[in-house]
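Everything on this sheet refers to the single structure shown next.
Taken together, the values in this text are just the output of simple stated rules run on the coordinates, not laboratory data. Being a predicted model, the structure only gives us computed values, none of them experimental. Here the Cβ is made from the backbone with ideal geometry for all residues, glycine too, and neighbour counts use every protein chain on show.
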Amino acid sequence: MATFSVDTDGHTAVHDVTDRVRDALPADAAGTCTVFCEHTTAGLVVNEAERRLLGDAEAFVEGLAPEGGWAHDDLDGNAASHLRALLLGTSVTVPVADGDLALGRWQSVLLVECDGPRTRTVRVIAE
């Protein structure tokens, strides 16, 4: 298992972490790789890392849950971030062959920040 950190740069932001995941794999890894985000206000997805699509994804995520009016906001004011991350999920599983991710041509592993900027911890478990 390997761990790395991602410093996010916006309240809602999408970061391509594919190369970081790839670098965390053992050279002889084969089978599957689970990428896990240790946070409740960020998520992981597999999708295309094209610049305009990343901006569209940020806008889409912001629209998943409106800010304000949630019971949890009385505690720390970030209920919408938790609800958005709830829909994204905290992990993705990717096939691995010969120590490399077996992603499709346009696929990337993306960390989606819902409550930043923050430092996020990501675990990579190759099986």
Under a point-charge model restricted to the Cβ atoms of Lys and Arg (+1) and Asp and Glu (-1), what is the dipole moment magnitude of the stretch 23-127 relative to its Cα centre, in debye to the nearest 20? 140
Grab the Cα-Cα distance for Arg105 and Asp19, subtract it from 0.36 nm times how many residues apart they are, and report the gain in nm with one decimal. 29.5 nm
Could you order peptides 63-73, 85-95 by the average number of other Cβ atoms within 10 Å of their residues, highest first? 85-95, 63-73
Helix 79-88: angle to the longest alpha-carbon principal axis of the chain, degrees 0 to 90, nearest 10? 30
Span from the the stretch 43-67 Cα centroid across to the the stretch 90-127 one, whole angstrom: 15
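Could you work out the relative contact order of the chain, using alpha carbon pairs under 8 angstrom and six or more residues apart, expressed as a whole percent?
RCO, the chain: 54 percent.
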What nm distance separates the two modelled labels at Arg51 and Leu86, each placed 7 Å from Cα along Cα→Cβ? 3.6
The answer for the net charge of residues other than Thr41 whose Cβ lies under 12 angstrom from its Cβ, with Lys and Arg +1 and Asp and Glu -1, is -1
Whole-number Å³ per residue for the convex hull built on Cα positions in the stretch 2-126: 90
Taking only Cα atoms, what is the 0 to 90° angle, nearest 10, from helix 51-64's long axis to the longest principal axis of the chain? 50
